[in-house]
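What follows is a set of notes on a single structure, which appears directly below.
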Amino acid sequence: MLFEKYAKEVEQMIKVCHLLADRHFVTSAGGNAAWRLEDDVILITPTKTYKGDVCKDNLIFINMKGETIEGEAKPTGEKPMYLKFFKERPDIKTVIHCHPEGACAFAIMKKGEELAMQPFYPEQAIEVGPVPFVPYAEPLTETLANNFVPYLPYYNSFMMEKHGLVTMTRGDIYTTYLTVDLAEGSFSSIIKALSAGELNPINDEELSNLSRVMETRGLDLFGAPGMNKTLLECYKRRIK
């Protein structure tokens, strides 16, 4: 019944999973995605499945207790992480966790967080935002899910230390995919620039002026509603 009601969303989820595979943003059976369609209805990807093989037959609908309500496959083992996201950020609709090469390189760099928390391109600054590093924890655990909690009110993208990228938006799953694409492009360009010389980030004045661009384009500030007052504040905040 839910597969019929949300046929378009199911089709879009499949499309995005295949894009993630085609772009090599996921490796092997890694990566996962979820889409909250109602307060207690979440469309989520299956466990141990290459995203290029995701189809209607192996997608699953779960509720906020993590119980399967429709579908035959087993949900991703990162289910606790997604339930935490949707509980802590009721404004968020879709989330993608993936392993693009540039992001994964940042995830193991000693100064990765220092770079990921800086703006280098206008599009990166206003559409992806700062990307804090969530402390490492064993995958598939409640500990990993809980490590996100201090960061969730203030940001929309996160680097899982020694692991990969998580991005969430208030839009559909394709909107979140496009944000992942932009983030990965920025990470890859920064790594290439590092090999050529000193980096030249956007300065505070330039960043403050980009707030006008966000207003013109109708873009919300990152984080939960009201948690950040300005774009500059987003970038200056650090979670201890």
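Please treat every number below as a calculation from the coordinates, not as lab data. Nothing here was measured: the structure is a model prediction, and the numbers come from that model. So basically every Cβ, Gly included, is an ideal-geometry build from the backbone, and we count neighbours across all protein chains shown.
Taking the average, over residues, of other Cβ atoms within 10 Å as the packing measure, peptides 143-153, 118-128 rank 118-128, 143-153 from highest down. Considering the dipole of the chain built from charges on the beta carbon (Lys and Arg +1, Asp and Glu -1) around the Cα centre, which of T230, M214, I173 is farthest to its positive end? Farthest along the dipole direction, towards plus: T230.
Among K162/K236; K110/K236; K5/K51; K51/K111, which pairs are too far apart, with a Cα-Cα distance over 26 Å?
Details: K162/K236 23 Å; K110/K236 20 Å; K5/K51 23 Å; K51/K111 30 Å.
As for pairs spanning more than 26 Å Cα to Cα, those are K51/K111.
Across segment 101-106, coupling constants 3J(HN,Hα) worked out from phi with the 6.51/-1.76/1.60 Karplus curve, θ = phi - 60°, read 4, x, 4, 5, 5, 4 Hz, and Gly and Pro carry x.
Would you compute, from DSSP H runs of 4+ residues alone, the mean residue ellipticity of the chain at 222 nm, taking -39500 (n - 2.57) per run and dividing by the full residue count, rounded to the nearest 500? Kindly include the intermediate steps, with their values, before the conclusion.
Numbers: 9 runs with 92 residues, N = 240.
Mean residue ellipticity, 222 nm, calculated: -11500 deg cm²/dmol.
Between T169, T94, T230, the residue with the greatest mean-square fluctuation in the GNM of the chain (Cα pairs under 10 Å linked by springs) is T230. Less than 5 angstrom separates the built amide H of A137 from none of the residues sequence-distant by 5 or more or on a different chain. One quarter of the convex hull surface built on the alpha carbon atoms of the chain amounts to 12.5 nm², the projected area averaged over directions.
Give the angle, between 0 and 90 degrees and rounded to the nearest 10, that separates the Cα long axis of helix 173-196 from the longest principal axis of the Cα atoms of the chain. Roughly 40 degrees, rounded to the nearest 10. Counting 0.36 nm for each residue step from E123 to E198 and taking away their Cα separation leaves a gain of 24.9 nm.
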